[in-house]
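**Student:** Quick one: the structure is below, and I'll ask about it shortly.
The values are calculated or read from the model by the stated rules, or taken from the named source; none is laboratory data. Keep in mind that this is a model prediction, so the values were computed, not measured. Cβ: placed from backbone, ideal geometry, glycine included. Neighbour counts: every protein chain shown. To get the accessible areas, we keep the full protein, side chains included, count just its heavy atoms, and leave off ligands, DNA and RNA. Shrake-Rupley method; radii C 1.70, N 1.55, O 1.52, S 1.80 Å.
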Amino acid sequence: MGYIIKKIISPLDTYRQIQTNGGLLIFVKGLVKRPYYWFLQRLFHFDKWHTMPIEHRPYALELCRYVNELIEKEGLVNVVEIGCGLGEILARIKVRQRTGFDVDENVVLAAKSLHKKIEFHKGTFGDVRGCDTDVLIAVNFTHNTAPDELQRQFADLLLNNKVKLIVVDSVEYTYLHNFATIFGDKCEKVWQSREFEHKRTVQVYRNRL
Ligand SMILES: C[S@@+](CC[C@H](N)C(=O)[O-])C[C@H]1O[C@@H](n2cnc3c(N)ncnc32)[C@H](O)[C@@H]1O
């Protein structure tokens, strides 16, 4: 019974949460995409998580809306995403130069087949080197990394690359990260989203270069 109630309430809740980012049209687009993503999952054998399209992930829609506003306001030209999955966030970001890294080779292959104008690589933090990056995105995977390890990964990344803005999220899973502590006074928080499922918030930090 609980399962059935959840199956009814969950899409209604998603629909309520995406009202400010497209509403019904976006919701229906997500429904249409689902069977195609199931098919791709069978073909490329990536994690089933990716069959949930971005249209049904309110935090990701909100992130894209805010980052696109920043891009327009500040004339930003390139974006790098770590943990990019199928590249759905990158696909909604309005800059010419978009690069995605993911540790899962299968999802990288699927992403390449979906988005020809985006560059994808198998890789993670340490594989981003010598980049002049306006926006670096790392969301919805860092909750599995312990704070001191994550701090080390970001410190290395900021040492090896010129990054202006960093987009991260905190969510109440294994580790609910405090990015103000992780970045210290190297970065200043410029935006935080409203709260989504499991106390998730998306945050944007400006690197004091
Ligand atoms: C839950 S998905 C989120 C995808 C995307 N960030 C989004 O929010 O739409 C997490 C992705 O991060 C990748 N991932 C997990 N740990 C990673 C790491 N340390 N470095 C790079 N990618 C990682 C996984 O393979 C997966 O594709």
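**Student:** Select from the range 73-121 the residues that are closer than 23 Å to Val204 by Cα and polar (S, T, N, Q) and list them in ascending order.
**Tutor:** Asn78, Gln97, Thr99
**Student:** Could you check the range 135-167 and list, in sequence order, the residues that are near the ligand (Cβ under 9 Å from one of its atoms) and within 23 Å of Tyr66 (Cα to Cα)?
**Tutor:** Looking only at the range 135-167, we keep the residues that are near the ligand (Cβ under 9 Å from one of its atoms), and these are 137-142, 144-145, 153.
Scanning the range 135-167 gives Ile137, Ala138, Val139, Asn140, Phe141, Thr142.
**Student:** Please indicate, with yes or no, whether at least one residue in the range 102-114 is in contact with a helix residue (DSSP H, G or I) (Cβ under 7 Å, 6 or more places away or on another chain), at positive phi, without any contact (Cβ under 8 Å) to a residue 40 or more places away in the chain and not aromatic (Phe, Trp, Tyr). Can you show your working first?
**Tutor:** Looking only at the range 102-114, we keep the residues that are in contact with a helix residue (DSSP H, G or I) (Cβ under 7 Å, 6 or more places away or on another chain), and these are 102, 106-107, 109-110.
Within this subset, residues satisfying the condition of being at positive phi are none.
No, every residue in the range 102-114 fails to be in contact with a helix residue (DSSP H, G or I) (Cβ under 7 Å, 6 or more places away or on another chain), at positive phi, without any contact (Cβ under 8 Å) to a residue 40 or more places away in the chain and not aromatic (Phe, Trp, Tyr).
**Student:** Could you check how many residues of the range 95-106 are more than 25 Å from Trp38 (Cα to Cα), modelled with pLDDT of 95 or more and part of a loop (DSSP other than H, G, I, E, B)?
**Tutor:** 1
**Student:** Another question about this same structure. Quick check on the range 107-121. Is at least one of its residues among the basic types (Lys, Arg) and within 13 Å of the ligand (Cβ to nearest atom)? Steps first, please.
**Tutor:** The initial filter retains those residues of the range 107-121 that are among the basic types (Lys, Arg), namely 112, 116-117.
Then keep just the ones that are within 13 Å of the ligand (Cβ to nearest atom); that gives none.
No, the range 107-121 has no match at all.
**Student:** Moving on. Of the conditions (1) farther than 26 Å from Arg57 by Cα; (2) in contact (Cβ under 8 Å) with a residue 12 or more places away in the chain, Gly184 clears all except one; give me its number.
**Tutor:** Here Gly184 clears every test but (2).
**Student:** Quick one: would you say Gly75 is small (Gly, Ala, Ser), modelled with pLDDT of 95 or more and out of contact with any helix residue (DSSP H, G or I) (no Cβ under 6 Å at 6 or more places or on another chain)? Lay out the reasoning, then the answer.
**Tutor:** Working: small (Gly, Ala, Ser): yes; modelled with pLDDT of 95 or more: yes; out of contact with any helix residue (DSSP H, G or I) (no Cβ under 6 Å at 6 or more places or on another chain): yes.
Judged against the criteria, Gly75 is a match.
**Student:** Restricting to the range 60-94, name every residue that is aliphatic (A, V, I, L, M) and outside any helix (DSSP H, G or I). Reasoning before the result, please.
**Tutor:** Start the filter on the range 60-94 by keeping residues that are aliphatic (A, V, I, L, M), which leaves 60-61, 63, 67, 70-71, 76-77, 79-80, 82, 86, 89-91, 93.
Hits for the range 60-94 are Leu76, Val77, Val79, Val80, Ile82, Leu86, Ile93.
**Student:** Give me the strands (runs of 3 or more DSSP E) completely within the range 107-203, filtered to those with at least 2 residues that are open to solvent by less than 50 Å² (accessible area, probe 1.4 Å) and at pLDDT 95 or above, ordered by residue number. Outline the logic, then answer.
**Tutor:** Numbers: elements: 119-122, 132-138, 162-170, 187-192.
In the range 107-203, 132-138, 162-170, 187-192 are the strands (runs of 3 or more DSSP E) which contain 2 or more residues that are open to solvent by less than 50 Å² (accessible area, probe 1.4 Å) and at pLDDT 95 or above.
**Student:** Follow-up question, since we're still on this one. I'm checking my understanding of the structure. Among residues of the range 15-74 that are within 19 Å of the chain's Cα centre (by Cα) and among the hydroxyl-bearing types (Ser, Thr, Tyr), which one is most open to solvent (accessible area, probe 1.4 Å)?
**Tutor:** Filtering the range 15-74 for residues that are within 19 Å of the chain's Cα centre (by Cα) and among the hydroxyl-bearing types (Ser, Thr, Tyr), the one most open to solvent (accessible area, probe 1.4 Å) comes out as Thr20.
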